Amino acid sequence: RNVIIDCDPGIDDSLAIMLALSLEELHVEGITIVCGNSPVEMGAGNARKVLKQMNRLDVPIYLGAEKPLKREYVSALDTHGADGLGESWLPEVPETRQELDAVEFLSRTIRARAEEKTGCSVIALGPMTNLAHLIQTDPEAFSMIEEIVSMGGSFKSHGNCSPVAEYNYWADPDGAALVYETAASQRKKIVMVGLDVTRKIVLTPNLLEYMKRLNPETGQFVQAITKFYFDFHWQWEHIVGCVINDPLAVAYFIDPSICEGFESFVQIETEGISLGQSVVDSMNFYRKEPNAKVLTQVDTYRFFEMMLSRVLEVEPESLDILENVL
């Protein structure tokens, strides 16, 4: 399936890119960068570092929005480190500047694949500013997106940057609100891969050591970019390990049976104390057609079986002690 990865690398974005590039089921058309975890230029640099690690520098990177639609930009470098990649300080990779910006690339590619009848989907791993700009400039192209899977929001789990809000939607609530509103008007359904399920995807010290045993080179790369993340999660959430949100969105995209959820109308709060909250009308108070599929359950074992076998390039049958490690 053709897919564009819209992201803000970011530690977990980088792990998600690694997974996506390891999947034969996906053809990654390109990576579009949005301000979020890290500023755009830094995020693009981090994406290049991941592409080099994966020997996939052929995948083009396009720069997108440098600030949210309306609110002031607030990065998450406190979570991801001063370099946005866990303070791993990996060598910079020379860039190949693309003529198109992210929104132009989204518009042209989505239209071209729709015309070819092969389709193109978007896995959105950061704030939804680039998609919001696509709606503002080419709403018809937005309507042609085959599927949108968004890592963002929360249904019943607590927030990670306020009591109720998940970072991606909090960072640009107006962008997220526009995307969900437009999905409703176009009768599309966004898959909301929120904190309810991603908080169950924890990379523990045992799992990391297991990865290093299975594939030392890749395991050491993962260790280098996640050490800061481990320390952050212990300090703020008393988790031994780190929550790796974004790879789950990629895993769901190729195997929806890995998660369960329900369809609902969702809107994003843009003001006040609940800024960025994803308000899920699970009881159908509004009597509106669903514009989202809200994920609530995940098979953690099957996720890590996919993640480790694909990224580490080992047969699933060789993961004989994975259940014990989990």
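The values are calculated or read from the model by the stated rules, or taken from the named source; none is laboratory data. All values derive from a computational prediction rather than experimental measurement. Positions of Cβ are generated from backbone atoms using ideal geometry, with glycine treated the same way; all protein chains shown enter the neighbour counts. Just so you know, the surface numbers come from the protein's heavy atoms only, side chains and all, with ligands and any DNA or RNA stripped out. Shrake-Rupley method; radii C 1.70, N 1.55, O 1.52, S 1.80 Å.
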* To do: Would you be able to say whether some residue in the range 161-174 is among the polar types (S, T, N, Q), crowded, with 21+ Cβ neighbours inside 10 Å and at pLDDT 95 or above?
  => yes
* So which of R187, R213 is in contact with a Gly (Cβ under 8 Å, 6 or more places away or on another chain) and open to solvent by 50 Å² or more (accessible area, probe 1.4 Å)? -> R213
* Would the range 260-268 turn up any residue that is in contact (Cβ under 8 Å) with a residue 24 or more places away in the chain, open to solvent by 40 Å² or more (accessible area, probe 1.4 Å), of a type in the set (F, W, Y) and within 27 Å of P173 (Cβ to Cβ)? -> yes
* Mind checking which pairs have a first residue in the range 219-241 that is over 20 Å from L90 (Cα atoms) and a second that is assigned to a helix (DSSP H, G or I) and open to solvent by less than 70 Å² (accessible area, probe 1.4 Å), Cβ under 7 Å, 6 or more apart or different chains? -> I239/H233; V240/P205; G241/P205; G241/F230; G241/H233
* Structure fact -> Here the residues within the range 190-207 that are touching a helix residue (DSSP H, G or I) at 6+ places or on another chain (Cβ under 7 Å), open to solvent by less than 10 Å² (accessible area, probe 1.4 Å) and more than 17 Å from V122 (Cα to Cα) are V197, T198, I201, L203, L207
* So G45, is it surrounded by 19 or more Cβ atoms within 10 Å (Cβ to Cβ) and out of contact with any helix residue (DSSP H, G or I) (no Cβ under 8 Å at 6 or more places or on another chain) -> yes
* **Search result, residues across the range 270-309 that are open to solvent by 80 Å² or more (accessible area, probe 1.4 Å) and assigned to a loop (DSSP other than H, G, I, E, B)** => E271, M283, F285, Y286, R287, K288, E289
* Quick check, is Q220 open to solvent by 50 Å² or more (accessible area, probe 1.4 Å) and assigned to a strand (DSSP E or B)? -> no
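Going by the conditions given, is F142 under 26 Å from S14 (Cβ atoms), of a type in the set (F, W, Y) and at pLDDT 95 or above? Step through it out loud before you land on a result.
Details: under 26 Å from S14 (Cβ atoms): no; of a type in the set (F, W, Y): yes; at pLDDT 95 or above: yes.
Criteria not met by F142.
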* To do: Read through the list (1) open to solvent by less than 50 Å² (accessible area, probe 1.4 Å); (2) in contact with a Gly (Cβ under 6 Å, 6 or more places away or on another chain), then give the number of the only condition that E146 fails.
  => (1)
* Report yes if some residue within the range 209-226 is closer than 30 Å to L69 by Cβ and either modelled with pLDDT of 95 or more or in contact with a helix residue (DSSP H, G or I) (Cβ under 6 Å, 6 or more places away or on another chain) (or both); otherwise report no. => yes
* Asked: In this structure, is Q235 under 29 Å from L26 (Cα atoms), out of contact with any Pro (no Cβ under 8 Å at 6 or more places or on another chain) and open to solvent by 40 Å² or more (accessible area, probe 1.4 Å)?
  -> no
* Asked: Taking the range 238-256 as the search range and keeping residues that are closer than 16 Å to E147 by Cα and either assigned to a loop (DSSP other than H, G, I, E, B) or not aromatic (F, W, Y) (or both), which one is most open to solvent (accessible area, probe 1.4 Å)?
  -> P256
